[in-house]
Amino acid sequence: MDIIDKSREAEHRAKLKKAKKIVIKIGTSSLMYKDAGINLRRIHKLSEIISDLMNEGMDVILVSSGAIGVGVKMLRLPEKPKTVEGRQAVAAVGQVDLMKLYSMAFADYGYSVGQILLTKNILDNEESKNHSVNTFTELLKMRIVPIVNENDTVAVDEIKFGDNDSLSYLVATINKADLLIILTDIDGFYSNNPNEDPTAVLYHTIEDLSEKIEEVAGGAGSKLGTGGMLTKVHASRLAAAQGINAVIANGDDPKIIHNILDGMDVGTLFVARGKDE
């Protein structure tokens, strides 16, 4: 699946250095400690890295999960609520505190943040989608960091994206991004679950964008998150098919974002169709 000659692999990676508009998605598991405590150090490091990219003149959009996870922590709940109403209430609390954390962290580096909450029906409607794009454009023009999440407090099955991986792909597409980076809690897309199979192989480069690559991805999300590897592979595959390079990588140290943009062989790269033709 990732068997390509090394010269082409290096060529694909080198093209990431040219990215000017980037969508970064970070999952709940990368923002929270395993005991459900908020990882403040990682939030600040992520804010520092994104601010540095903005200083370079790049446009960066952050798709951040974590509203429910942060809400669980702030309300001192033993676990994520099992009812839809419970999760919506917890998300309403958590979204406020999550944005407060990002606002304080980015302020240390001279940047303001803008919150954009989306539901699927907004992007399905051409008029409301255009309004959303205009908002993204103006925020970036003003050098404000857009922070996106699904509007969990009102979303029901009919208008849900289902996970922020899918949301990040759509945000990258409507904003004509050059690169989508999905940060998670493992090093990339493996042939099997590396936590269960020590012989699992990390796929470094994916050129095959057919649905068959999703057959080896699966598994549910963490106890606080909603997405698993399948949703990340699906989003990355669709982004690449739309001409957007996509990388799934380990978000334990947000400095990996710099490594990706330096063309280093980290994570799993889904090669954008049309970018290298």
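The values are calculated or read from the model by the stated rules, or taken from the named source; none is laboratory data. Worth saying up front: this structure is predicted, and the values here are computed from it rather than measured. Cβ sites come from the backbone with ideal geometry, for glycine too, and all protein chains shown count toward neighbours.
Within the range 247-263, residues that are closer than 16 Å to His12 by Cα sit with their Cβ atoms under 8 Å from residues that are surrounded by 16 or more Cβ atoms within 10 Å (Cβ to Cβ) and of a type in the set (Phe, Trp, Tyr), at 6+ positions apart or across chains, in these pairs: Val247/Phe270; Ile248/Phe189; Ile248/Phe270.
Just checking, which of Ala240, Ala246 is modelled with pLDDT of 95 or more, within 22 Å of Asp208 (Cα to Cα) and either surrounded by fewer than 22 Cβ atoms within 10 Å (Cβ to Cβ) or out of contact with any helix residue (DSSP H, G or I) (no Cβ under 6 Å at 6 or more places or on another chain) (or both)? Working first, answer last.
Values: Ala246 fails: either surrounded by fewer than 22 Cβ atoms within 10 Å (Cβ to Cβ) or out of contact with any helix residue (DSSP H, G or I) (no Cβ under 6 Å at 6 or more places or on another chain) (or both).
The match here is Ala240.
Yes or no, residue by residue, for (1) at pLDDT 90 or above; (2) closer than 19 Å to His234 by Cα:
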{"residue": "Ile116", "(1), (2)": "yes, no"}
{"residue": "Lys120", "(1), (2)": "no, yes"}
{"residue": "His131", "(1), (2)": "yes, no"}
{"residue": "Met142", "(1), (2)": "yes, no"}
{"residue": "Pro146", "(1), (2)": "yes, no"}
{"residue": "Asn151", "(1), (2)": "no, no"}
{"residue": "Gly162", "(1), (2)": "no, yes"}
{"residue": "Leu209", "(1), (2)": "no, yes"}
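So is Glu56 free of Cβ contacts under 8 Å to residues at least 24 places away in the same chain and within 28 Å of Val271 (Cα to Cα) or not? Considered against the rule, which asks whether it is free of Cβ contacts under 8 Å to residues at least 24 places away in the same chain and within 28 Å of Val271 (Cα to Cα), Glu56 comes out as yes.
Looking only at the range 78-86, decide whether some residue is in contact with a Lys or Arg (Cβ under 7 Å, 6 or more places away or on another chain), part of a loop (DSSP other than H, G, I, E, B) and within 23 Å of Ile181 (Cβ to Cβ). Talk me through it step by step, then tell me what you get.
Let us first name the residues in the range 78-86 that are in contact with a Lys or Arg (Cβ under 7 Å, 6 or more places away or on another chain), namely 79-81.
Narrowing the set further to residues that are part of a loop (DSSP other than H, G, I, E, B) leaves 79-81.
Narrowing the set further to residues that are within 23 Å of Ile181 (Cβ to Cβ) leaves none.
No: zero hits.
Report, by residue number, each residue of the range 246-266 that is closer than 22 Å to Lys176 by Cα and either among the hydrophobic types (A, V, I, L, M, F, W, C) or touching a strand residue (DSSP E or B) at 6+ places or on another chain (Cβ under 7 Å) (or both). Scanning the range 246-266 gives Ala246, Val247, Ile248, Ala249, Ile257, Ile260, Leu261.
In the range 67-78, the qualifying residues are those that are touching a residue at least 40 places away in the same chain (Cβ under 8 Å), touching a strand residue (DSSP E or B) at 6+ places or on another chain (Cβ under 8 Å) and surrounded by 24 or more Cβ atoms within 10 Å (Cβ to Cβ), and the one that is nearest to Thr28 (Cα to Cα) is Gly69. A residue that is surrounded by fewer than 21 Cβ atoms within 10 Å (Cβ to Cβ) and in contact with a Pro (Cβ under 9 Å, 6 or more places away or on another chain) occurs somewhere in the range 116-123.
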